[in-house]
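Here the structure is laid out as structure tokens; the discussion comes afterwards.
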């Protein structure tokens with residue numbers, strides 16, 4: 001079942017065409033890689049999907065519904081969540097507090113209820129904290145729940161960013177370079193967690209420059225260059241595609 005579809009997606013900044021007539025269909029339960037050299041349009045596609053940018057043309061279809069240009073909070077409410085290249089954390093709060101905050105933003109707990117600390121609010125707080133701890137454990141960082149986010153190692157910060165996105169209970173998770181700056185061991189752990197997330201029912205759309213990580217994890221890969229889709233297929237087919245080789249290595 002196709003849950004996310006791009007139809008002729010286009011984004012132009014003045015004379016610069018960042019995304020040029022891109023079609024893409026993602027099926028439920030898939031781990032899809034979106035790759036390409038720097039400046040090829042990958043993050044712009046993410047921003048158009050999630051409402052941070054309004055496309056110049058084309059459509060974003062979510063489960064048959066046109067969500068093109070909808071604001072980010074509306075898109076997130078439908079089950080699309082994303083992470084960012086630069087980890088977007090509350091750096092002076094603990095890991096647990098970060099995920100609790102993300103849970104509160106998702107559940108919409110009212111300020112009046114929080115201030116009055118009603119019985120229902122206290123019960124909700126306990127439920128949210130339990131949920132946050134479970135999410136941290138899912139991401140393999142439950143043991144650092146009480147540590148300050150800004151003091152965590154880079155790999156743990158990236159995992160925390162994913163945990164905060166998971167707090168919104170997404171149907172599809174858009175990951176923007178989740179293993180950037182990680183060592184091989186951290187990268188392996190993160191990609192294994194991403195696979196487990198898919199196995200738990202979350203569809204994954206992944207932008208990443210680490211080709212080993214992408215090729216070993218993604219079932220299907222879409223390749224971008226200069227704003228255009230130049231190739232799409234399984235890892236083996238993509239690796240041997242002439243335009244992909246040229247985009248990454250240049251002409252011989």
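The values are calculated or read from the model by the stated rules, or taken from the named source; none is laboratory data. Since this is a predicted model, take the numbers as computed values, not measurements. So basically every Cβ, Gly included, is an ideal-geometry build from the backbone, and we count neighbours across all protein chains shown.
Can you name the residue in region 129-145 that is touching a residue at least 24 places away in the same chain (Cβ under 8 Å), under 22 Å from the mean Cα position of the chain (by Cα) and part of a helix (DSSP H, G or I) and, of all such residues, is surrounded by the most Cβ atoms within 10 Å (Cβ to Cβ)?
The selected residue is 132.
Does residue 1 fit the bill of being in the same structural domain as residue 229 (by TED's automatic domain parsing) and modelled with pLDDT under 95?
yes
So residue 150 clears everything in (1) surrounded by 15 or more Cβ atoms within 10 Å (Cβ to Cβ); (2) assigned by TED's automatic domain parsing to the domain that holds residue 128; (3) touching a residue at least 60 places away in the same chain (Cβ under 8 Å) except one condition, right? Which one?
(1)
Select from region 17-46 the residues that are out of contact with any helix residue (DSSP H, G or I) (no Cβ under 7 Å at 6 or more places or on another chain), modelled with pLDDT under 95 and surrounded by fewer than 19 Cβ atoms within 10 Å (Cβ to Cβ) and list them in ascending order.
The answer is 38, 39.
Taking region 77-93 as the search range and keeping residues that are surrounded by 20 or more Cβ atoms within 10 Å (Cβ to Cβ) and touching a strand residue (DSSP E or B) at 6+ places or on another chain (Cβ under 9 Å), which one is farthest from residue 150 (Cα to Cα)?
Step by step, filter region 77-93, then rank; the result is 80.
When region 200-229 is examined, which residues are found to be surrounded by fewer than 18 Cβ atoms within 10 Å (Cβ to Cβ) and either modelled with pLDDT of 95 or more or assigned to a loop (DSSP other than H, G, I, E, B) (or both)?
200, 201, 209, 219, 226, 228 - these are the residues of region 200-229 that are surrounded by fewer than 18 Cβ atoms within 10 Å (Cβ to Cβ) and either modelled with pLDDT of 95 or more or assigned to a loop (DSSP other than H, G, I, E, B) (or both).
Among the residues of region 48-61, count how many are surrounded by 14 or more Cβ atoms within 10 Å (Cβ to Cβ) and in contact with a helix residue (DSSP H, G or I) (Cβ under 8 Å, 6 or more places away or on another chain).
Residues of region 48-61 that are surrounded by 14 or more Cβ atoms within 10 Å (Cβ to Cβ), as a first pass: 48-53, 55-61.
Subsequent filtering for residues that are in contact with a helix residue (DSSP H, G or I) (Cβ under 8 Å, 6 or more places away or on another chain) retains 49-53, 55, 60.
Of the residues in region 48-61, 7 are surrounded by 14 or more Cβ atoms within 10 Å (Cβ to Cβ) and in contact with a helix residue (DSSP H, G or I) (Cβ under 8 Å, 6 or more places away or on another chain).
Mind listing just one residue for me: the one in region 172-187 that is surrounded by fewer than 17 Cβ atoms within 10 Å (Cβ to Cβ) and in contact (Cβ under 8 Å) with a residue 24 or more places away in the chain and, of those, farthest from the chain's Cα centre (by Cα)? Spell out how you get there, then give the answer.
Here is the first cut: in region 172-187, the residues surrounded by fewer than 17 Cβ atoms within 10 Å (Cβ to Cβ) are 180-181, 183-185.
Cutting the leftovers down to in contact (Cβ under 8 Å) with a residue 24 or more places away in the chain gives us 180-181, 183.
Details: 180: 13, 181: 17, 183: 20 Å.
Once the filter is applied, the top-ranked residue is 183.
With respect to residue 164, determine if the residue is under 19 Å from residue 43 (Cβ atoms) and surrounded by fewer than 23 Cβ atoms within 10 Å (Cβ to Cβ).
no
Give me the residue from region 189-199 that is touching a helix residue (DSSP H, G or I) at 6+ places or on another chain (Cβ under 8 Å) and free of Cβ contacts under 8 Å to residues at least 60 places away in the same chain and, out of that set, surrounded by the fewest Cβ atoms within 10 Å (Cβ to Cβ).
Top of the filtered list is 196.
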